[in-house]
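Working notes, beginning with the structure itself.
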Amino acid sequence: MSLTQERLWTSWELHTLLVDYWHDVDTNWGRNAASYYTEDALFEGSQASYRGREQIAKFYRWREDRGARTAVHLVSNFRAELLGPAEALCTWYLQLYAADGVPVLPTHAPILVAMMTDRCQRLDEGWLCSHRKFESWFEGGIATTNPVLDASR
């Protein structure tokens, strides 16, 4: 396989993984979201960060426990750069439409547009994210849900 073919195949794998992740977050409260990360991953949000699968899972449990919220995370301009046979750097844009409540909700502009950077590793169980960084470029309207969580809980 040529380098171009390898990059295309890996980009497709990583993009599919990303879309599956956000589908779980938007339609299943992120109940499986932590499984997309390495054990020691860093989820670097705009207001708070979470280290490790358990903290990431705790964040998604917190979101679900808040009550009804409708969210759509849109992914665009995905690109992957191979750093080695088992490491990739991905960048993409996230547009977030979200509000508390159940559909159908009034429409509005996205509450967040962020440049995203992921470091991914290919392990025995497949590709996993080891570091996801949100770099907010536009925010407004409804607040995002990215709280500082008590590490003792």
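Residues in the stretch 1-9: is at least one in contact with a strand residue (DSSP E or B) (Cβ under 8 Å, 6 or more places away or on another chain) and either modelled with pLDDT of 95 or more or under 18 Å from S130 (Cα atoms) (or both)?
no
Counting just the residues of the stretch 103-140 that are touching a Leu at 6+ places or on another chain (Cβ under 8 Å) and among the acidic types (D, E), which one comes out modelled with the highest pLDDT?
If we take residues in the stretch 103-140 being touching a Leu at 6+ places or on another chain (Cβ under 8 Å) and among the acidic types (D, E), then D118 is modelled with the highest pLDDT.
Would you confirm, using the coordinates I've provided, whether T27 is assigned to a helix (DSSP H, G or I), over 26 Å from V148 (Cβ atoms) and out of contact with any Ser or Thr (no Cβ under 9 Å at 6 or more places or on another chain)?
Considered against the rule, which asks whether it is assigned to a helix (DSSP H, G or I), over 26 Å from V148 (Cβ atoms) and out of contact with any Ser or Thr (no Cβ under 9 Å at 6 or more places or on another chain), T27 comes out as yes.
Restricting attention to the stretch 1-54, which residues are in contact (Cβ under 8 Å) with a residue 60 or more places away in the chain and charged (D, E, K, R)?
E6, R7, E13, D40, E44
Identify the residue in the stretch 104-153 that is among the hydroxyl-bearing types (S, T, Y) and within 18 Å of the chain's Cα centre (by Cα) and, among all such residues, is nearest to Y60 (Cα to Cα).
Within the stretch 104-153, the match that is nearest to Y60 (Cα to Cα) is T145.
Looking only at the stretch 35-42, decide whether some residue is under 22 Å from A114 (Cα atoms), under 13 Å from the mean Cα position of the chain (by Cα) and surrounded by fewer than 17 Cβ atoms within 10 Å (Cβ to Cβ).
Within the stretch 35-42 (the criterion being under 22 Å from A114 (Cα atoms), under 13 Å from the mean Cα position of the chain (by Cα) and surrounded by fewer than 17 Cβ atoms within 10 Å (Cβ to Cβ)), the answer is no, since none of the residues qualifies.
The values are calculated or read from the model by the stated rules, or taken from the named source; none is laboratory data. In this text the structure is predicted, and so the values were computed from the model without any measurement. Backbone-built Cβ (ideal geometry, glycine too); neighbour counts: all protein chains shown.
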